[in-house]
Amino acid sequence: MTSMKLKLIYPEEKIKEPLLSKVCKNFNVDINIRKANVQEKIGWLELEFIGSEEEIEKAIQFLVENNVEVLPIEGQVFIE
């Protein structure tokens, strides 16, 4: 199992879309939200993805394809 902490920054047009719900349904990844700030024009979340490296990468790719900026939180990748 891999655990990766990430910061997601949503553009205004994506804030109301259930993208994290889709990640949970379409990829074998658990999500643990650590911090969040969602406003009308921008939203960001700091969260942890837990799963296999391959599934986490697929989930990240899905978010990037949906115009979400995905940034690793430095030094926060764990492999069990």
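The values are calculated or read from the model by the stated rules, or taken from the named source; none is laboratory data. Quick caveat: nothing in here was measured; it's all calculated off a predicted structure. Reconstructed Cβ throughout: ideal geometry from the backbone, glycine too, with neighbour counts over all protein chains shown. Side chains are part of the model used for accessible areas, which takes the heavy atoms of the whole protein and leaves out ligands, DNA and RNA. Shrake-Rupley method; radii C 1.70, N 1.55, O 1.52, S 1.80 Å.
Within the stretch 1-14, the set of residues being open to solvent by less than 40 Å² (accessible area, probe 1.4 Å) and either among the charged types (D, E, K, R) or part of a loop (DSSP other than H, G, I, E, B) (or both) comprises P11, K14. Quick one: would you say V23 is β-branched (V, I, T), touching a Phe, Trp or Tyr at 6+ places or on another chain (Cβ under 7 Å) and surrounded by 12 or more Cβ atoms within 10 Å (Cβ to Cβ)? Spelling it out, V23 is indeed β-branched (V, I, T), touching a Phe, Trp or Tyr at 6+ places or on another chain (Cβ under 7 Å) and surrounded by 12 or more Cβ atoms within 10 Å (Cβ to Cβ). Modelled with pLDDT of 95 or more, part of a loop (DSSP other than H, G, I, E, B) and not charged (D, E, K, R), is that true of N32? In short, no. Based on what the data block shows, is V23 within 10 Å of the chain's Cα centre (by Cα) and of a type in the set (V, I, T)? In short, yes.
Filter the stretch 31-75 down to the residues that are free of Cβ contacts under 8 Å to residues at least 24 places away in the same chain and surrounded by 14 or more Cβ atoms within 10 Å (Cβ to Cβ) and list them by number. Hits for the stretch 31-75 are I31, E57.
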